[in-house]
Amino acid sequence: GATYAARQVILEALTNVVAAVGMARLARRAGGTPAASTLAGLLYMAPPAVQQLGVSPIACVTALLPWLLWAFLEARPVALAALVALSILAGHAQYLSFAMMALVAVAVTARRRPRPPHPPRRRRASSA
């Protein structure tokens with residue numbers, strides 16, 4: 001009936017808002033200006049995975065992805081665990097695996113520190 005359709009529209013809008021705010025926050029965390037972060041959020045909710053599929057498992061996992069990355073980069077383990085659990089409960093294994101691969105990629109690159117330069121070699125004193 002009409003109430004189901006109305007609830008569906010509200011849930012689709014909330015999924016898009018979660019996706020947009022998450023990407024804007026992640027972009028801000030990455031050093032983007034407020035205008036660039038807002039644009040990133042608006043553009044993130046434009047792809048079909050978030051916008052056209054409504055409240056599908058794909059849309060739910062995709063909407064949570066920027067929040068997963070943000071929670072990791074901000075070192076918030078409780079939020080990260082809750083977001084991983086929500087992603088699992090969303091019910092799309094393939095997109096969940098994509099999200100976990102993205103999380104691992106960020107973990108590897110964010111934690112990698114450049115190796116310190118080798119200390120200069122000492123010259124041997126010549127006995128002259």
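The values are calculated or read from the model by the stated rules, or taken from the named source; none is laboratory data. Predicted model, so just to flag it, every value in this text is computed and none were measured. Counting neighbours? That spans all protein chains shown, and the Cβs are built from the backbone with ideal geometry, glycine included. All accessible areas refer to the heavy atoms of the entire protein, side chains included, with ligands and DNA or RNA removed. Shrake-Rupley method; radii C 1.70, N 1.55, O 1.52, S 1.80 Å.
Checking the conditions here, which among 38, 15 is farther than 20 Å from residue 68 by Cβ and polar (S, T, N, Q)?
Numbers: 15 fails: farther than 20 Å from residue 68 by Cβ.
Sole residue among the options that is farther than 20 Å from residue 68 by Cβ and polar (S, T, N, Q): 38.
Going through the stretch 74-92 one residue at a time, which ones are open to solvent by 80 Å² or more (accessible area, probe 1.4 Å) and part of a helix (DSSP H, G or I)? Before you say what the answer is, go through the steps one by one.
Taking the stretch 74-92 as the starting set, the residues that turn out to be open to solvent by 80 Å² or more (accessible area, probe 1.4 Å) are 76-78, 86, 88-89.
The answer is 77, 78, 86, 88, 89.
Could you list, in sequence order, all residues of the stretch 3-41 that are aliphatic (A, V, I, L, M) and either touching a Cys at 6+ places or on another chain (Cβ under 6 Å) or exposed (fewer than 13 other Cβ atoms within 10 Å of the Cβ) (or both)?
Within the stretch 3-41, 5, 6, 9, 10, 13, 14, 35 qualify.
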